[in-house]
Amino acid sequence: MLTNHYDYLIVGSGLFGATFAYRAKQAGRTCLVIDKRPHLGGNVYCEQVEGINVHKYGAHIFHTNNKQVWDFVNGIVPFNRYTNCPVANYKGELYNLPFNMNTFHQMWGVVTPAEAEAKIAEQRAAALAALNGREPQNLEEQALCLVGRDIYEKLIKGYTEKQWGRPCAELPAFIIRRLPVRMVYNNNYFNDAYQGIPIGGYNRLIEGLLEGVDTQVNTDFFADREKWEAVADKIVFTGKIDEYYNYCFGKLDYRTVRFETETIDTANYQGNAVINYTDRETPYTRVIEHKHFESFGQAVYDNPKTIISREYSTEWQDGMEPFYPINDDKNSALYEQYKQLADQETNVIFGGRLAEYKYYDMAPIIEKVMTLSV
Ligand code: FAD
Ligand code: UDP
């Protein structure tokens, strides 16, 4: 029986809801956070297995250029120095990512940046000639212009088509534009000034944000909507925006990932947190070995077991986790219809990945919450 009346009902305890609750609490407001899952934390939640934090909803690496965001999260829980350096496995050939001097050396045997630049120029020439001055229209054209055919065929095509379930020629060019191409020997996947994993895992971050806030799990807002709408002056809604409006304009589409998680009796299975399988035939896109996010050097061997997850990218259907919004023309137009309704609400704030139908990384979520008045 709920006896309190709150300033805010926050639907969803992911990073958006938890950060909002933290800021509201700091400002003297009262909040109730509900979540339909059996745990708090949304997609950053980790499950402890064999003493290892398993990223249950996919590998999460925090990275940002924003010092205010970095100081904010480190004020809740200190972060470690994990640096993401994924390796690509193409039919047994290994390549460093992102595309950098190590990759070019492995691909073509080149040693100096001048040699690599000459090789890439030679590889790009055909693609640029085919464009004849116009902008790349799709991911395939964009990738061929950026790095040429060898890298496209071995490191991009298969991975991307598995990840998105569509041919590269039918995908938007912007997806690949964010991948860095570097003429230095540097395997750090991100260009940001700060990156890491919370020491002790992401649950510590969520626990710190929600300390002193009333929470209730296994609670779906839509199971008793009227009751929940009456419990607070305002609602912060971080669930699916189309569901909030009863799918009145139709359903938004997503991509999702199925995880096949396995405990293995070895201390160090693949020697890295992330290995991408970039050929088309291997059915999974990546294998994550979770212990490498939080143990380094000799400490890897302190635990004789390890946990890995194979990631299978799949089309989303009802009942699955809606992970990646599909920002194509059809879905973007549909979202705009819902957004027009949302913009008219005076007592509901829509925020986060599902409510804004936007592929947010973690740091921009926090940045966004920092701009809101509580
Ligand atoms: P969520 O974490 O999805 O939280 C929403 C919450 O609302 C959920 O807990 C859900 O159960 C709850 N909810 C929904 N509907 C209801 C309802 N009706 N009633 C009650 N509760 C409800 N970001 C990075 O910065 N680095 C990464 O490496 C990275 N990797 C990622 C990998 C994957 C596979 C995915 C999917 C995302 C990744 N992200 C990464 C993005 C990151 O997960 C998001 O930025 C962040 O988790 C979004 O937080 P959120 O609060 O908006 O959403
Ligand atoms: N990508 C690729 N090969 C790789 C890794 C990434 O072709 O080994 C492409 C793929 O199209 C992917 C895009 O680069 O969608 C962005 O990759 P990133 O790892 O940034 O995507 P995320 O999984 O974080 O969305």
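Just so it is clear, none of the values below were taken in a lab; they were calculated from the coordinates. Predicted model only: the values in this text are computed from it and were never measured. Don't worry about glycine lacking a Cβ; one is built from the backbone with ideal geometry, like all the others, and counts go over all protein chains shown.
A few points about this structure:
- Filtering segment 133-174 to residues that are touching a helix residue (DSSP H, G or I) at 6+ places or on another chain (Cβ under 7 Å), surrounded by 15 or more Cβ atoms within 10 Å (Cβ to Cβ) and under 22 Å from Y284 (Cβ atoms) leaves L139, A143, I151, Y152, I156, K157, T160, E161, C168, L171.
- Residue satisfying condition, being more than 10 Å from ligand 2 (Cβ to nearest atom), over 23 Å from M107 (Cα atoms), not β-branched (V, I, T) and not in a loop (DSSP other than H, G, I, E, B), within set A130, A126: A130
- Test result for T263, polar (S, T, N, Q) and outside any loop (DSSP other than H, G, I, E, B): yes
- Search result, residues across segment 133-157 that are within 8 Å of ligand 2 (Cβ to nearest atom) and touching a residue at least 60 places away in the same chain (Cβ under 8 Å): L155, I156, K157
- Checklist (1) over 19 Å from A59 (Cβ atoms); (2) in a loop (DSSP other than H, G, I, E, B); (3) of a type in the set (D, E, K, R) applied to E207, failing item: (2)
Condition check ((1) within 16 Å of ligand 2 (Cβ to nearest atom); (2) under 25 Å from I288 (Cα atoms)) across all residues:
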position: Y22; (1), (2): no, no
position: A27; (1), (2): no, no
position: R37; (1), (2): no, yes
position: N53; (1), (2): no, yes
position: W70; (1), (2): no, yes
position: G75; (1), (2): no, no
position: F79; (1), (2): no, yes
position: N96; (1), (2): yes, yes
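- Some residue of segment 318-330 being free of Cβ contacts under 8 Å to residues at least 60 places away in the same chain, surrounded by 13 or more Cβ atoms within 10 Å (Cβ to Cβ) and part of a strand (DSSP E or B): no
- Residue check for Y189: surrounded by 18 or more Cβ atoms within 10 Å (Cβ to Cβ), of a type in the set (S, T, Y), closer than 30 Å to D71 by Cβ and within 15 Å of ligand 2 (Cβ to nearest atom): yes
Okay, residues lined up against (1) crowded, with 18+ Cβ neighbours inside 10 Å; (2) touching a helix residue (DSSP H, G or I) at 6+ places or on another chain (Cβ under 6 Å); (3) of a type in the set (V, I, T); (4) under 20 Å from Y359 (Cβ atoms):
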| residue | (1), (2), (3), (4) |
| --- | --- |
| R182 | yes, no, no, no |
| R204 | no, no, no, no |
| V213 | yes, yes, yes, no |
| Q216 | no, no, no, no |
| G239 | yes, no, no, yes |
| G271 | no, no, no, no |
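- Filter result (farther than 19 Å from K56 by Cα, free of Cβ contacts under 8 Å to residues at least 24 places away in the same chain and not in a loop (DSSP other than H, G, I, E, B)) within segment 266-301: G297, Q298, A299
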